[in-house]
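**Q** Have a look at the structure that comes next, please.
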Amino acid sequence: MMDRRMQHDTDPHQEIRDALRALCAQFPDEYHRKVDEARRYPEEFVDALTQAGWMAALIPQEYGGSGLGLTEASVIMEEINRCGGNSGACHGQMYNMGTLLRHGSAEQKDKYLPRIASGEWRLQSMGVTEPTTGTDTTQIKTTAVKKGDRYVVNGQKVWISRIQHSDFMILLARTTPLAEVKKKSEGMSIFMVDLREAIGHGLAVRPIANMVNHETNELFFENLEIPAENLIGEEGMGFRYILDGLNAERTLIAAECIGDGYWFIDRVTRYVKDRTVFGRPIGQNQGVQFPIAEAFIEVEAANLMRWEACRRFDAREPCGTQANMAKYLAAKASWEAANACLQFHGGFGFACEYDVERKFRETRLYQVAPISTNLIFSYVAEHVLGLPRSF
Ligand SMILES: Cc1cc2nc3c(=O)[nH]c(=O)nc-3n(C[C@H](O)[C@H](O)[C@H](O)COP(=O)(O)OP(=O)(O)OC[C@H]3O[C@@H](n4cnc5c(N)ncnc54)[C@H](O)[C@@H]3O)c2cc1C
């Protein structure tokens, strides 16, 4: 694998990259292609990552993890995508972990972290999005009402990923009605839901077939009972807590897009050097070179914002702006790299055996999820530029 990144010579993460590349080499393109064709979960790949300790990267050492930061977690995710895989199968455990680490009680950490670190339990799911509220999260309708030592949950979620391959989900629900709070961001809480107990006992799951091989679902809650001790942090503060998780998620997905971007650039560069039409390699034409060079420049630039978002998150500095901007820049850059890669493969770009169409579909998702491009623009317009709130 060629490495054109600017930071290569002094990359402090080279050891992580080398280890990930060695692991990923055991799961070549053909593996990911077949998993995609069968629309099945890459169980063996996620197991190998777990056994090697990568899924416990963020868990402190005293609980059996490696105690690394979001920066290193982002390198892990980047390398998976860089090597042709899709971190979407397993990135949930990384961004959910921050929520548990920052806001969970000592008892909760003692209960969950060692068993997640050992690979016995997976914490891969986060339930925020709802069908009738979309991105307008403070309007969520799912409620959790305290009754004695339990909360009773009713409502619906949509697009909740990896539910069928996770033991736990972090759930955002309203605990105080919207009409009774001063600010609409108040009165929501987060809970740890034990999916093994919940499914079939108040929680119904309906898978959503979709454009990518991404296991995601509709959830229906009907009087689901959760032990009160599963509340994370203080009741009513859940929206603030979930923002930490969302910033981690955006930053990690930026890193995944960077990985995709390099993958597309490597593939297309190699292809256009070899493919000869009109008696010369197509890569000799500036009309072919320029979009590839442009995409490379944009991936490199997006990468700088990704490191800044990681640095701020790990230093516990405000990072919402950088996380959003990194996700925007990286998703855009990877999408442009994907377009150039598909375009210059000509007809072969559409052939599954080249893997370009699969990665093309996978990276397209990040224009929409976990936050759409327009909503990033409105965040920056309002919170950074001080423009009037538009909604
Ligand atoms: C494969 C997949 C996996 C997902 N996994 C999860 C998960 O695990 N957990 C979870 O909670 N969610 C998950 N999601 C949901 C995802 O976060 C949302 O789809 C995303 O945030 C967009 O929300 P929405 O689909 O409701 O779009 P909407 O909010 O309905 O928006 C639709 C479009 O309108 C635009 N728009 C809306 N309002 C405005 C405005 N005021 N100004 C300008 N444009 C606007 C948006 O930019 C967007 O393009 C997943 C989604 C997908 C597709």
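The values are calculated or read from the model by the stated rules, or taken from the named source; none is laboratory data. Keep in mind the model is a prediction, meaning the values are calculated, not measured. Cβ: placed from backbone, ideal geometry, glycine included. Neighbour counts: every protein chain shown.
**Q** Does segment 293-306 contain at least one residue that is crowded, with 19+ Cβ neighbours inside 10 Å and assigned to a loop (DSSP other than H, G, I, E, B)?
**A** No: zero hits.
**Q** Output the residues belonging to segment 241-289 that are out of contact with any strand residue (DSSP E or B) (no Cβ under 9 Å at 6 or more places or on another chain) and of a type in the set (Ser, Thr, Tyr).
**A** Of everything in segment 241-289, those that are out of contact with any strand residue (DSSP E or B) (no Cβ under 9 Å at 6 or more places or on another chain) and of a type in the set (Ser, Thr, Tyr) turn out to be 251, 262, 269, 271, 276.
**Q** Six or more apart or on different chains, Cβ under 7 Å: which pairs go from a residue in segment 370-391 that's closer than 21 Å to residue 91 by Cβ to one that's not in a helix (DSSP H, G or I)? Could you list them?
**A** Qualifying pairs under 7 Å: 372/135; 375/135.
**Q** Turning to a different aspect of this structure: Looking only at segment 190-213, which residues are assigned to a loop (DSSP other than H, G, I, E, B) and within 12 Å of the ligand (Cβ to nearest atom)?
**A** Passing the criteria: 208, 209, 210, 211, 212, 213.
To keep it simple, each residue is scored yes or no on (1) in a loop (DSSP other than H, G, I, E, B); (2) more than 24 Å from residue 306 (Cα to Cα); (3) hydroxyl-bearing (Ser, Thr, Tyr); (4) within 18 Å of the chain's Cα centre (by Cα).
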site	(1), (2), (3), (4)
17	no, no, no, no
40	yes, yes, no, no
48	no, yes, no, no
55	no, no, no, yes
67	yes, no, no, no
73	no, no, no, yes
79	no, no, no, yes
115	no, yes, no, no
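**Q** Identify the residue in segment 137-176 that is closer than 26 Å to residue 111 by Cα and assigned to a loop (DSSP other than H, G, I, E, B) and, among all such residues, is nearest to the ligand (Cβ to nearest atom).
**A** The extreme case among them is 162.
**Q** Test each condition in (1) buried (at least 16 other Cβ atoms within 10 Å of the Cβ); (2) within 16 Å of the ligand (Cβ to nearest atom) for residue 377 and report the one that comes out false.
**A** (1)
**Q** Among 176, 133, 143, which is the only one that is of a type in the set (S, T, N, Q), closer than 21 Å to residue 249 by Cα and not assigned by TED's automatic domain parsing to the domain that holds residue 246?
**A** Unique residue meeting the criteria: 133.
**Q** Which number in (1) crowded, with 19+ Cβ neighbours inside 10 Å; (2) away from the ligand (no atom under 14 Å from the Cβ) marks the one condition that residue 366 misses?
**A** Of (1) crowded, with 19+ Cβ neighbours inside 10 Å; (2) away from the ligand (no atom under 14 Å from the Cβ), only one is false for residue 366: (2).
**Q** I want to confirm something. Restricting to segment 380-391 and keeping residues that are within 11 Å of the ligand (Cβ to nearest atom) and not in a helix (DSSP H, G or I), which single residue is nearest to residue 130 (Cα to Cα)?
**A** Filtering segment 380-391 for residues that are within 11 Å of the ligand (Cβ to nearest atom) and not in a helix (DSSP H, G or I), the one nearest to residue 130 (Cα to Cα) comes out as 391.
**Q** Assuming residue 348 fulfils every condition listed in (1) aromatic (Phe, Trp, Tyr); (2) within 14 Å of the ligand (Cβ to nearest atom); (3) over 18 Å from residue 210 (Cβ atoms); (4) in a helix (DSSP H, G or I) apart from one, which condition is it?
**A** (2)
**Q** Then there's this: Which condition from (1) surrounded by 20 or more Cβ atoms within 10 Å (Cβ to Cβ); (2) outside any loop (DSSP other than H, G, I, E, B); (3) in contact with a Ser or Thr (Cβ under 9 Å, 6 or more places away or on another chain) is the one that residue 371 breaks?
**A** Only one criterion in (1) surrounded by 20 or more Cβ atoms within 10 Å (Cβ to Cβ); (2) outside any loop (DSSP other than H, G, I, E, B); (3) in contact with a Ser or Thr (Cβ under 9 Å, 6 or more places away or on another chain) is unmet by residue 371, namely (2).
**Q** Would you check which residues across segment 102-122 are of a type in the set (A, V, I, L, M, F, W, C), touching a Phe, Trp or Tyr at 6+ places or on another chain (Cβ under 7 Å) and without any contact (Cβ under 8 Å) to a residue 60 or more places away in the chain and list them?
**A** 113, 121
**Q** Would you please list the contacts, defined by Cβ atoms under 6 Å and residues six or more apart or on different chains, that run from a residue in segment 176-187 that is of a type in the set (Gly, Ala, Ser) to a residue that is assigned to a helix (DSSP H, G or I)?
**A** Taking only residues 6 or more apart or on different chains, the pairs are 185/138; 185/239.
**Q** Quick check on segment 53-64: of everything there that is buried (at least 18 other Cβ atoms within 10 Å of the Cβ) and in contact with a Pro (Cβ under 9 Å, 6 or more places away or on another chain), which residue is nearest to residue 319 (Cα to Cα)?
**A** Only one residue tops the list, namely 59.
**Q** Just name the residue that is nearest to the ligand (Cβ to nearest atom) out of those in segment 122-136 that are part of a loop (DSSP other than H, G, I, E, B) and aliphatic (A, V, I, L, M).
**A** Out of the qualifying residues, it is 128.
**Q** Is there a residue being in a strand (DSSP E or B) and in contact with a Leu (Cβ under 9 Å, 6 or more places away or on another chain) anywhere in segment 178-189?
**A** yes
**Q** If the requirement is being of a type outside the set (Phe, Trp, Tyr) and free of Cβ contacts under 8 Å to residues at least 24 places away in the same chain, which of these qualifies: 336, 298, 308, 353?
**A** The unique qualifying residue is 308.
**Q** Suppose we filter 267, 250, 280 for residues that are among the basic types (Lys, Arg) and without any contact (Cβ under 8 Å) to a residue 12 or more places away in the chain; which single one remains?
**A** 280
**Q** Then there is this: Any residue at all in segment 291-310 that is more than 16 Å from the ligand (Cβ to nearest atom) and among the basic types (Lys, Arg)?
**A** Among the residues of segment 291-310, at least one is more than 16 Å from the ligand (Cβ to nearest atom) and among the basic types (Lys, Arg), which makes the answer yes.
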